[in-house]
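Novice: Quick one: the structure is below, and I'll ask about it shortly.
Readers should treat all values here as calculations from the given coordinates under stated rules, not as data from a laboratory. Every value quoted in this text rests on a predicted model; they were computed, and no experiment measured them. Positions of Cβ are backbone-derived with ideal geometry, glycine not excepted, and every protein chain shown enters the neighbour counts.
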Amino acid sequence: MNSPEQDKELLQLLRNDINKGFRLVVEQYSSRLYWHIRRMVILHEDADDALQNTLINAWKNIYEFRNKSSLYTWLYTIATNESLSILKKRKRNESVSVDEIGGYLASSVEGAAWFDGDEAQVKLQNAILRLPEKQRLVFNLKYFDEMTYEDMSRVLKTSEGALKASYHLAVKKIEKFLGEN
Amino acid sequence: MGRIDDIAGKRPFRVPANYFDDVTRRILSATADKEAVPPLRKKSFRINHFLAAAAAIALLAVLSYVTVKMFSREETRSFVTGITIEEFSETYLNEIDILSLEESAEPLLFTGELPDVSKADIIDYLTLDNIDVSEIYELL
């Protein structure tokens, strides 16, 4: 995660030289945005599409952003919306069941090519994928991205209290799943 | 196994080799020929100016039309028929027998008592309706 000072410098650069500033945004944020998206959509091709859409949308609306204070939460909001949009499309035209994606990654040749985890990781992914979408987002942002509840509340437009409760419930559900399997 | 903290590693997925360099190149080349959209607020402000100007012109046109129409009513030439009131009186009113009209209309119009309307009220009404009372007196 960029520190607030790094984002401030980036913001200043965007104001002074929009092309140079945006190049730095892409270089500094593409990796972490990709992982955030990938944890939601699981498949690399989908994550790649969503990442490109996220950053192209960010570019199109960069003037709007320049008046905002937090680059980090703004980009995560766009990436989250893109991820949810991919999941919605997939529900309409589903080729791989999201619930079984862990098994798909572990057992198929194509899946295994993109999966680097062991059996425990497969179980964890299966447990996470059983959470409702919003709870999965909360869990991912807290557990993997270590995002503060304050920032998460800006990204997901939800109160901090509700996010804390949601994360707590998600952890309980995942641990129960892991204990039973 | 029951605790998520026991599971090591937070990125169990693989990506193609040099993926992040490649995606950075692709995104920068995709945005190179696309203009960033200027702030919507400024744009809508400009549109509002145009809208205001268009609305002002339309309002002026409507007001001009209404004013011309109002003053035209004072003229002797009628919009509808294209003839003057004098011409109308000569060609129409002079040809009919007002008295016979009154006689024939009386049973229909005043079957009972006359309503309690003063002459002054009638003259006010006729004046309001832009009818020249003196002309009517002359005709009668």
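Novice: Only sites in a loop by DSSP and with at most 12 other Cβ atoms within 10 Å count here; which trypsin sites (Lys or Arg not before Pro) in the stretch A:29-81 make the cut?
Specialist: A:Lys68
Novice: Check which residues have an amide H placed less than 5 Å from B:Phe13's amide H, if you skip close sequence neighbours.
Specialist: A:Asp116
Novice: For A:Glu27 and B:Val62, what does the FRET efficiency come to when R0 = 56 Å and r is the distance between their Cβ atoms, rounded to the nearest 0.05?
Specialist: FRET efficiency, A:Glu27 to B:Val62: 0.45.
Novice: Can you compute 3J(HN,Hα) from phi for each residue in the stretch A:161-167, using the Karplus curve 6.51 cos²θ - 1.76 cosθ + 1.60 with θ = phi - 60°, rounded to whole Hz and x for Gly and Pro?
Specialist: x, 5, 5, 4, 5, 5, 5
Novice: To continue, here is another question. When Cβ neighbours within 10 Å are restricted to other protein chains, what is their mean count per residue of peptide A:52-63?
Specialist: Partner Cβ neighbours, averaged per residue: 4.
Novice: Enter the mean number of other protein chain beta carbons within 10 Å of the beta carbon of each residue in B:18-24, as an integer.
Specialist: 4
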